[in-house]
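First the structure, in the form of structure tokens, and then the observations on it.
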Amino acid sequence: MTMTVLTPRVTAALAVLAALTLATPSPAAADDPSEPPGTVTTSPPPEVDANSPGLKLAQGATLAPAKVLDIKSVVEDLGGEERREDTNENVTFALQAEVLFPKNSAKLNPQARSRIQTIAEEIKKQNAGTVRVFGFTDNLGSYAHGLTLSKKRAEAVHDLLAADLGGNVTFEVRGYSEDYPIADNSSEEGRKKNRRVEVSFPRTTAEPETAADTGTDTGSEGS
């Protein structure tokens, strides 16, 4: 029987590769509707000593074929009211609730139409067949009220998008209340960022472009 003996250098390299593999998010997770893209916080990658002898290739070994990594581009306007995020696979727009709705309401204000129409134009450009519209609130008021309000706000944005895009697009519309915050709810600045509607869809073009009804529950939110 032939036995393979691992040298300390090879053993260290395998340990680093295993750590990196475990830290890589599963592709399936990005497609899970219960985890909106761009809102799930992941743990930082493990620290790797670039000078570790365990990272050196053994004599006669070769590197694996090169692969294209997912590149993320994020553009946000000065007030933080609108953010666009581009990856190799998806485009996501995040609009703060203040620029779309009156406080504690799901009725779109007059200024919201032009912002949503801009997103509709990008959806047409990308020829996207599926679009996700997700609503979120801060942690003020009850969770149930936030769930109702975030869903109504997502539906309001969906209705305007659907009217512009016609019947060739399949929508997924959800409200998540205070789940999946992107900022600290302990400050008004953080809560303002968490009160948002996100619209995401697959991207097809090669280069990203720069983009610049009240609930019946007695709970309330900042906006």
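All of the numbers you see were taken from the coordinates with simple rules; none came from a lab. What you see is a predicted model; the values in this text were computed from it and never measured. Here the Cβ positions follow ideal geometry from the backbone for every residue, glycine too, while neighbour counts run over all protein chains shown.
The table that follows gives values for the structure above.
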| item | result |
| --- | --- |
| Greater than 24 Å apart at Cα, pairs in Lys125/Lys152; Lys72/Lys103; Lys151/Lys192; Lys72/Lys107; Lys107/Lys193; Lys103/Lys193 | Lys125/Lys152; Lys72/Lys103; Lys72/Lys107 |
| Estimated distance in nm for a label pair at Leu55 and Glu188, the labels positioned 7 Å out from Cα along Cα-to-Cβ | 4.6 nm |
| Computed E for Thr204/Lys72 - FRET, C-beta separation, R0 22 angstrom, nearest 0.05 | 0.85 |
| Centroid-to-centroid separation of the range 171-186 and the range 93-139 [C-alpha atoms, Å] | 14 Å |
